[in-house]
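Read-outs throughout are calculated quantities, based only on the coordinates presented, and are distinct from any laboratory measurement. Predicted, not measured: the structure shown is a model, and the values here were computed from it. Virtual Cβ from ideal backbone geometry, glycine too; neighbours counted across all protein chains shown.
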């Protein structure tokens, strides 16, 4: 999935960096200070849903909090009644937008362009707290 999104984004000359674990992604974000992060709910090589925790940790970091997050997941395809979205729960889900996987190229590009124009995350002053067991 990462490679498919990467190919789509590179056609528009976006510079793409990939991370395969929350720790790697957090450090990379601090080092690179990207304009946007596309984050999978299942952000971990062991297919755990650490994307939620990553988003919360990022929004609690002064340096990373301004970076918009586009979260992606296949949960709505598997469970249509769940209706996961960027508005699901403000304390649990501090992301700027949400896209279903597999992302359609035009939808992915439109959402990314919108968030890049936004420039600063709507969660820049996030105060929520979450405790997850690793």
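Between residue 28 and residue 117, what is 0.36 nm times their sequence separation minus the Cα-Cα distance? Round to one decimal in nm. Please list the in-between numbers first.
On the way: separation 89, 0.36 × 89 = 32.04 nm, distance 2.23 nm.
Full extension from residue 28 to residue 117 adds 29.8 nm.
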| Taking neighbour counts of Cβ atoms within 10 Å as a proxy for exposure, in what order, fewest first, do 33, 117 appear? | 117, 33
